[in-house]
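Novice: This is the structure I have questions about; it appears just below.
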Amino acid sequence: MKVFISWSGKLSKLLAKSLNGWIPAVIQSIDTYFTPENIDKGARWFPEISDELEKTDYGILCVTKENLNSSWMIFEAGALSKQVKKSRVCPILFDVATSDLPPVLAQFQAISNFEKGQVKDLMKKLNELTEKPLSVDSFNKTFETFWPQLEKEIAKILEDYDYKEDLEESRTSEDMIKEILNLTRAIARELGKEEKEEEIETPPGDDEELPF
């Protein structure tokens, strides 16, 4: 089973990295995908990410105040919602209220408070989606063993992070539209390169859709 972990911004990256290491420790049959580079710069990674999205069974979005209006986070959320059922995409909110979420993110059932009960419910759902789920007893024991590690790590990240309001929050709608347009154009260029490479094999008139 493949779980795609989406992030954007420094704080979100740290949180996503923790989840990336922790989730497979609890449920070993889960394979997580986490890009180590800043995907906000990201059109050149589009073919790889698009390929990973096609294999994805579940998506987790690490949402912070820094990336609340990030065009890349919104793009990946849209791509995930097209690839899998909406019930299989879960935003995890860190210092963000559900009422602050943009429409693309608000359509999903989010973890509004990073506490044990909500995270355990998420992990239960992931376990149920695997080909060979852990038994209830095995899952509970494994979760209880590894939860303190994640809880401590996330708390330290949030405590130590030198948080400053990101420009994303103060930008105008026009600024965000321009960024989304630039990202879309970059993605279109990548798709154009792929189409040229496959021109001989591809029947005339076939167009490739953006993933949302």
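The values are calculated or read from the model by the stated rules, or taken from the named source; none is laboratory data. Everything quoted here is computed from the prediction, not taken from an experiment. With ideal geometry, Cβ positions are generated from the backbone for all residues, glycine too; neighbour counts draw on all protein chains shown.
Novice: Condition first: outside any helix (DSSP H, G or I) and buried (at least 17 other Cβ atoms within 10 Å of the Cβ). Can you find one or more residues in the range 18-30 that meet it? Walk me through it before giving the result.
Specialist: Initially, the range 18-30 is screened for residues outside any helix (DSSP H, G or I), giving 27-30.
Within this subset, residues satisfying the condition of being buried (at least 17 other Cβ atoms within 10 Å of the Cβ) are 27, 30.
Checked against the condition, which is being outside any helix (DSSP H, G or I) and buried (at least 17 other Cβ atoms within 10 Å of the Cβ), the range 18-30 yields at least one hit.
Novice: Still on this structure, I have one more. Go through the range 126-149 and report how many residues are free of Cβ contacts under 8 Å to residues at least 12 places away in the same chain, closer than 12 Å to I27 by Cβ and charged (D, E, K, R).
Specialist: 1
Novice: Considering only residues that are touching a strand residue (DSSP E or B) at 6+ places or on another chain (Cβ under 9 Å), at pLDDT 85 or above and over 13 Å from W7 (Cβ atoms), which ones fall in the range 57-79?
Specialist: Listed by number, the residues that qualify are D57, Y58.
Matching residues to (1) closer than 21 Å to K65 by Cβ; (2) at pLDDT 85 or above; (3) touching a Lys or Arg at 6+ places or on another chain (Cβ under 7 Å):
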site	(1), (2), (3)
P102	yes, yes, no
I111	yes, yes, no
G117	no, yes, no
E128	no, yes, no
V136	no, yes, no
T145	no, yes, no
L158	yes, yes, no
I177	yes, no, no
A188	no, no, no
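Novice: If we keep just the residues of the range 107-123 that are among the small types (G, A, S) and touching a strand residue (DSSP E or B) at 6+ places or on another chain (Cβ under 9 Å), which is farthest from I74 (Cα to Cα)?
Specialist: S112
Novice: Any chance you could count how many residues in the range 131-147 are under 24 Å from S18 (Cα atoms), of a type outside the set (A, V, I, L, M) and part of a loop (DSSP other than H, G, I, E, B)?
Specialist: Qualifying residue count for the region: 1.
Here's the yes/no breakdown for (1) modelled with pLDDT of 85 or more; (2) over 21 Å from L15 (Cα atoms); (3) touching a Leu at 6+ places or on another chain (Cβ under 6 Å):
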| position | (1), (2), (3) |
| --- | --- |
| K82 | no, yes, no |
| S87 | no, yes, no |
| P91 | yes, no, yes |
| T98 | yes, no, no |
